[in-house]
Amino acid sequence: MLEDLSIKDFALIDSASLEFNGGFTVLSGETGAGKSLLIGALTFLLGGKGGVEHIRAGAHESVVSGTFYLGRAPSSVRELSEDEEPLNAYEWLNLHGIEAEDDRILLRRVIRENGKSGSWIGGTAVTRADLAEFSAFLIDIHGQHEHQSLMKVSEHRKFLDSYAGLTEKVSAFTSLYSELVAKRKILDELNTDDRDRAQKIDFLNFAVKEITDAKLKPNEDVELDDEETKLSSFEKLYSDVEAINSALSGGEGGAVVSVLKKIRVFADSASSSDKSLQKLTERIDSAFYELNDIAEEYKSYASSLVFDPERLAQVQERQTLIYNLKKKYASSVTAPLSEVISYCEKAQNRLEELDSSSDKKENLEKEIAELGKKVYLEAKSISQARKAAAEKMAQGVVQVLSSLGMKGTRFCVNVAEKTGNDVTQKCGPYGIDDIEFLISANPGQPLQPLAKIASGGELSRVMLSLKTILCQSDESGTSTVGTMIFDEIDTGIGGEVAVSIGSHLKNLAKNRQVLCITHLASIAVYADNQIKIEKGVSNGATQTRVHEITGEDRVSEIARMLSGDAASSQSLEHARSMLSKFGGIN
């Protein structure tokens, strides 16, 4: 249950701190006041997407935090393996090494003007995905347009599977089905035309032979480039080395080594006269020996220089061979030689696969047959569970719809088996069934697809019915969500229907916390608590203010919702009468 919510600089909300009670809470306000901003801030806190556009103008960051009561902690929490999914908030926290305090947990979310955001569960920083995953155990938000999902037949299966407790089982089936599809794809590849297979073998054999005959060495292309550069520029290289030798130790007195030799004599003499010059003399000695050693190495290198036109031709021929191999088997002619060597290895592996394809094909056919049988049996098991739950689910929806002003409505969860000639055609990723909701809102009319005939108001009430029975089906489970939020569930309705919905939401709130945004007084009067959202201007800036209303303030707000006039005595009297009759407020 949500106990408190703190909002700072989120959209038009400067600062708001709210405490929430259990039961049924209504959020009201004039059109455009920003009622959905509160839900937007809460959605952001629960891991929804958030961007810098949510930061209030003039602020540097938006901060939203909230405290949730998790219910009494169980005496023991399951220790989960990596493959097991947590079933409730306590198991999730235990899996992630986070502890609740006094059966409560604080969530906090920040978005900064540089686009960076932060999320925390308790005092532990988490990812947005982790926050969203955990908060799914806390709150179920029925969005303003969520009932439109009923227009998508593909969504109907999800409702039925959730009601029947099959969600995890269907997820496991999807993995099994995907494995079957993948194996069948491999088998299809193995069943390619023999001539095509022979052509592949011929090509791969040619490539392997061509690359193997070349006897390539790792980095050989780099080494050949270096050698070719040396051989092709022999004259310049020889000239440069000779010039260095002449400068270092040529016969003339101006050679560097000869000059240093003379300097050493004078330095020795100078240091004998002044001991402070000894270190400089040692440095001259060091420079002399180093340059003398360099000169000797250059002489040795010069004597080894021999122009070899035959070797140059061999190197260039080898470079051409490697160039052509790269052109055929590498990503580009400038790619490393390792790509050609790697291609050869892969080609050899592929040849082995093709050579052994007959054995592999036979084994794969056996695996597919066994897996196909397993998939079909699992699909039939899921189908039986769906059919068993479908009738009960339909009865539950009809019962709730009757209390919501749709008496005489017939509702059917139609579970029809797919057609096909083999397992993959008969089954889909989610089983063997096509599932669709059918409805007859008027007595004497045949059942027809819900997605085609239902009005907006009817869709809203069907969605509320589904949400209700989904909660009822989980009353004894450990994964029960403690808070339900309805964002304008009253779309397309009014009059007695609104009164029915208000009564229904109040009953629903007996077992959990229910929050509802509404513009209808007929719903608002049933609430145990009411929060008002107002828009105003302060210091030249538009702001949204959120606060709880009680007593006469609530009477005035109900009066405004009834007639648009919060001051007339007639509206106020009507408001008091409705609050007394439906809300139990005297």
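The values are calculated or read from the model by the stated rules, or taken from the named source; none is laboratory data. In this text, all values refer to a predicted model and were calculated from it rather than measured experimentally. Positions of Cβ are generated from backbone atoms using ideal geometry, with glycine treated the same way; all protein chains shown enter the neighbour counts. With ligands, DNA and RNA removed, areas are computed over all heavy atoms of the protein, side chains included. Shrake-Rupley method; radii C 1.70, N 1.55, O 1.52, S 1.80 Å.
Calculate the spin-label point distance for Glu179 paired with Ser304, positioning each point 7 Å from the Cα along the beta-carbon direction, and give it in nanometres.
6.3 nm
Which trypsin sites (Lys or Arg not before Pro) does segment 194-277 hold that lie in a coil by DSSP with at most 11 other beta carbons within 10 Å? Walk me through the numbers on the way to the answer.
Values: sites: Arg195, Arg197, Lys200, Lys209, Lys215, Lys230, Lys236, Lys261, Lys262, Arg264, Lys275; in loops: Lys215.
Filter output for segment 194-277: Lys215.
Would you mind pulling out the separation of the Cα centroids of segment 516-586 and segment 289-352, in Å?
A separation of 86 Å, based on Cα centres.
Where both partners of a DSSP beta bridge lie in the chain, what percent of those bridges are antiparallel, to the nearest 5?
Of those bridges, close to 75 percent are antiparallel.
Could you work out the Rg to Rh ratio of segment 477-585, with Rh taken as the Kirkwood radius (inverse of the mean 1/r over all Cα pairs)?
For segment 477-585, the value is 1.01.
When averaged across all projection directions, what area in nm² does the alpha-carbon convex hull of segment 327-376 cover? Please list the in-between numbers first.
Values: hull surface 20.6 nm².
The orientation-averaged projected area of the Cα hull of segment 327-376 comes to 5.1 nm².
On the first, second and third principal axes, largest extent first, how far apart are the outermost C-alpha atoms of segment 225-284 in Å?
Over segment 225-284, Cα extents along the principal axes are 56, 26, 7 Å.
With a cap of 16 neighbouring Cβ atoms within 10 Å, and only residues DSSP puts in a loop, list the trypsin sites (Lys or Arg not before Pro) found in segment 502-548.
For trypsin sites (Lys or Arg not before Pro) across segment 502-548 that sit outside H, G, I, E and B with at most 16 neighbouring Cβ atoms in 10 Å, the list reads Lys510.
Regarding segment 369-472, what whole-number volume in Å³ per residue does the convex hull of its Cα atoms give?
110 Å³
Quick one: in segment 13-95, what % of C-alpha pairs are over 21 Å apart?
Roughly 52 percent, once rounded to a whole number.
Describe numerically, in nm with one decimal, the distance between label points set 7 Å from Cα along Cα→Cβ at Gln448 and at Lys200.
5.3 nm
Please work out the Cα center distance from segment 91-129 to segment 159-182, rounded to the nearest Å.
Using only Cα atoms, the two centres lie 30 Å from each other.
Restricting things to alpha carbons, find the Rg to Rh ratio for segment 50-97 using the Kirkwood radius for Rh.
So for segment 50-97, dividing Rg by the Kirkwood Rh gives 1.23.
Considering only DSSP states other than H, G, I, E and B, which GluC sites (Glu not before Pro) in segment 196-284 qualify as loop sites with at most 15 other Cβ atoms within 10 Å?
Hits after loop and neighbour filter: Glu252.
Starting from 0 in steps of 5 Å, tell me what percent of the Cα-Cα pairs of segment 55-140 lands in each bin.
3, 13, 23, 22, 16, 10, 6, 4, 2, 1
Calculate what fraction, in whole %, of the accessible area of the chain sits on carbon and sulfur atoms when a 1.4 Å probe is rolled over the protein chains.
That share works out to 49 percent.
Suppose R0 equals 45 Å; then what is the FRET efficiency for Lys407 and Gln570 from their Cβ-Cβ distance, rounded to the nearest 0.05?
0.90
With every protein chain present, what is the per residue accessible area of segment 225-267 (1.4 Å probe, Å²)?
65 Å²
How large is the helix-only mean residue ellipticity at 222 nm for the chain, computed as the sum of -39500 (n - 2.57) over DSSP H runs with n ≥ 4, divided by its residue count, in deg cm²/dmol to the nearest 500?
-17500 deg cm²/dmol
Just subtract the alpha-carbon distance of Glu317 and Ser269 from 0.36 nm times their residue separation and send over the number in nm, one decimal.
Difference between extended and current length: 11.2 nm.
Just checking my list (1) 23, 61, 15, 0; (2) 22, 57, 21, 0; (3) 14, 29, 21, 17, 13, 5, 0 against P(r) over Cα pairs in 20 Å bins from 0, in percent computed from this structure; which label fits?
(3)
Over the alpha carbons of segment 167-300, what is the largest minus smallest coordinate on each principal axis, giving the biggest first in Å?
99, 49, 17
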